[in-house]
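What follows is a set of notes on a single structure, which appears directly below.
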Amino acid sequence: MFIKTREYQELFLEALRAGIRGQRVAWKERSVQEWSEVFVLADMHHVLPLVYEAVAECRAAALADRVMFAKVREKSLRLMALQRTMTEEFLELYAHLQQMGVKALAVKGIVCRSLYPNPDARLSADEDLLIPKEQFEACQEAMLLYGMQQLNPETGTENYETAYKKTGGFLVIELHRMLFPENEKWCIGWNGFFDEIHKQAIERETEGVKINMPQPTDHLFFQFCHARKHLLASGVGIRQICDILLFAEHYEKEIDWEIFWDRIRMTDGILFAEAIFHLGVQYLGFEEKQFYFPEGVHSMKLDTERLMEDILHSGIHGKGTRSRLHSGTLTLHAAEKRGLSGIFPGLFYMAFPPAKNLLWRFPYLKKHPYLLPFAWGQRLCGYLREGPVLGSVKEIVKTGRKRKEILREYGIFGEKRR
């Protein structure tokens, strides 16, 4: 079964490798099971349109099950049409913010989509805007005037990011005061690298609208930090890896690679950054370039196979399976302890997390923190309704242990690899 799974993963990566370049695969024949597994992986990683475009015209597709292909085609076209609508809504909002004097930086989302041959085939659940702290209130007022409404208003707007959705539309905005939370041990000091991000921003035109974005060195470093955040939690998906590699390739002459690698060193990210570039060369058809592996960095032979396996099992943002999603609590707790946390303390932390971790789900804790035990009970009842708990806990522990080994291997806990 493992061998078969590996074969399906290789087919998926072959199709994705073609899709991100606007190319087509030359498959002559594929089984129903192969098609099914490739499309399941593509859907799980939110890259179904990219994969569908890459395989739709090959000979194997003409011989494939017509009903299955019709469903995949319909879903791909629907997702791209939705993405087109969300992009248009975002550009309208951005132009409105500019007219209101708000200086917002676009990060990830539309910046990354512009790197793909068909931007609408690279899906985004939301758009991220970084606002100078002193402009947050003005930005919020301008967004409300445009028709955006805060999601979960009970949580307030004091967090490092606040979500908004367009009334009667599809656009979702994550509005950032800063790029990372200030009080989490796993990212202590990261925001300090972006103190000058607004002063050093650059301007790019997208579909007739001038968009401000971080200068490429800042943006690439942010993308790596953001990927580490997801890897540390439930997992980083293949789409994020593609975004990083396409960005590095497109802006390679504008990136100050010396500054980039200095920052990576200072945040204990050398092994992970090196691994991502290795994955690009080994699995996704990117050319190996010297500035990807400067002197003193390209010095270890990394076993990237386990990391790629973890990425493929992750799905988008680690949502591939229930056990993987919940295992993020174990890895995050281990990160708080610099990798020294055992399984049982991690399980206790998972069962009885602090109030700050539950605000998104139980907003009443913000005003009534003494109701935390009640929230724990509500949460546990929810898990009981999802199915047998014991088997799920065993799978969560198994996944958590495996992922902690990978995180330790890549120095994500801040440890030195032995």
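Some observations on this one:
- Paramagnetic label zone (point 7 Å from Cα along Cα-to-C-beta, LYS103; backbone N under 20 Å) in segment 120-161: 128-143
- By other beta-carbon atoms within 10 Å, ranking LYS103, LYS229 with the fewest at the front produces LYS103, LYS229.
- Residues GLU203, GLU249, GLU89, sorted so that the one with the fewest Cβ neighbours within 10 Å comes first: GLU203, GLU249, GLU89
- All lysines inside 17 Å of LYS367 as judged from Cα atoms, apart from same-chain residues fewer than 8 positions distant: LYS356
- Among the listed pairs LYS133/LYS366; LYS210/LYS253; LYS108/LYS366; LYS210/LYS289, a Cα-Cα separation exceeding 27 Å is found for LYS108/LYS366; LYS210/LYS289.
- Label-point gap, in nm, between PHE136 and GLU395 - each point 7 angstrom along Cα→Cβ: 3.9 nm
- Computed over segment 2-64, the P(r) curve from all C-alpha pair distances, binned at 5 Å from the origin, holds 4, 21, 32, 29, 13, 2, 0 percent per bin.
- Taking the chain as a Gaussian network of alpha-carbon nodes connected by springs under 10 Å, the highest mean-square fluctuation of the residues ALA106, ALA375, ALA42 belongs to ALA375.
- Modelled spin-label separation between ARG66 and ASN159, with each label point placed 7 Å from Cα along the Cα-to-Cβ direction: 4.9 nm.
- A Förster radius of 25 Å combined with the Cβ-Cβ distance from ARG265 to GLU196 puts the calculated FRET efficiency at roughly 0.80.
- Full extension of the chain between GLN149 and GLU7 gives 46.6 nm of extra length, using 0.36 nm per residue less the Cα-Cα distance.
- Shape call, the chain: gyration tensor on alpha carbons, a/c limit 1.5: rounded
- Cα→Cβ-extended label distance, 7 Å offset, between VAL281 and HIS368, nm: 5.8 nm
- In plain terms, the residue of VAL72, VAL40, VAL393, VAL51 with the fewest other Cβ atoms within 10 Å comes first and the most crowded comes last, giving VAL40, VAL393, VAL72, VAL51.
- In the chain, helical runs assigned H by DSSP with n ≥ 4 each contribute -39500 (n - 2.57); averaged across all residues and rounded to the nearest 500, the mean residue ellipticity at 222 nm is -16500 deg cm²/dmol.
- Whether segment 201-323 is rounded, prolate or oblate, judged on the alpha carbon gyration tensor where a/c under 1.5 counts as rounded: oblate
- Trypsin sites (Lys or Arg not before Pro) restricted to DSSP loop in segment 1-101 with at most 12 other C-beta within 10 Å: LYS28
- Proximal lysines relative to LYS402, as straight alpha-carbon distance under 25 Å, when same-chain residues fewer than 8 apart are discounted: LYS4, LYS185, LYS229, LYS301, LYS319, LYS337, LYS394, LYS416
- Share antiparallel - DSSP beta bridges, the chain, percent rounded to 5: 80 percent
- Length added when fully stretched, GLU203-ASP126, from 0.36 nm per residue minus Cα-Cα: 25.6 nm
- Among LEU307, LEU50, LEU151, the largest mean-square fluctuation in a Gaussian network model of the chain (Cα springs under 10 Å) belongs to LEU151.
- Theoretical FRET efficiency, 1/(1+(r/R0)^6), r = Cβ-Cβ of ALA355 and ARG73, R0 35 Å, to 0.05: 0.15
- Inter-centroid distance (Cα atoms) of segment 177-232 relative to segment 56-92, Å: 31 Å
- FRET E, pair LYS402, GLN290, Förster distance 30 Å, beta-carbon r, rounded to 0.05: 0.35
Rule-based calculations on the coordinates, nothing more; no lab input. As the structure is a computational prediction, the values presented were derived from the model and not from experiment. Cβ coordinates were reconstructed from backbone atoms using ideal geometry, including for glycine residues, and neighbour counts include every protein chain displayed.
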